[in-house]
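Here's the structure we're looking at; comments come further down.
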Amino acid sequence: QVQLVESGGGLVQPGGSLRLSCTTSVSINWYTIGWYRQTPGKQRELVARISIGGSTNYANSVQGRFTVSRDNPKNTAYLQMDSLKPEDTAVYYCNAIFTGTQSGYWGQGTQVTVSS
């Protein structure tokens, strides 16, 4: 069973920055890593994704402000969030999809609150 653990969430003022981490219990070399977020009453939405080859894509709402990266030797992926806005407030989840079988796994989520 693959386990994902997110960390780095918290309370930050508008315009501030946070870096989320997602550490896995297995090698992430063959996993596409996605960061999603969810607010009460809304569907979970994709924020950013990084492929096994390092290609990235972002939601329009975070393009230019968020950066997704991966450190395979550390089995960790990151989401650097800059210029945060109140509308970025959500629970952020890490998702890992294995390239071969397309099996997917989720972390438990970490709360990000952007407020003055």
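The values are calculated or read from the model by the stated rules, or taken from the named source; none is laboratory data. No experiment lies behind these values; they were computed from the predicted model shown. Positions of Cβ are generated from backbone atoms using ideal geometry, with glycine treated the same way; all protein chains shown enter the neighbour counts. Heavy atoms of the whole protein, side chains included, go into the accessibility calculation; ligands, DNA and RNA do not. Shrake-Rupley method; radii C 1.70, N 1.55, O 1.52, S 1.80 Å.
In table form, for the structure just shown:
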item	result
Residue in region 88-99 that is among the hydroxyl-bearing types (Ser, Thr, Tyr) and open to solvent by 50 Å² or more (accessible area, probe 1.4 Å) present	yes
Residue under evaluation SER116, criteria (1) under 17 Å from GLN1 (Cα atoms); (2) out of contact with any strand residue (DSSP E or B) (no Cβ under 9 Å at 6 or more places or on another chain), criterion not met	(1)
Counted residues, region 100-116 - those being open to solvent by less than 60 Å² (accessible area, probe 1.4 Å) and of a type in the set (Phe, Trp, Tyr)	1
All positions within region 1-19 that are open to solvent by less than 60 Å² (accessible area, probe 1.4 Å), touching a Phe, Trp or Tyr at 6+ places or on another chain (Cβ under 7 Å) and at pLDDT 95 or above	LEU4, GLU6, GLY9
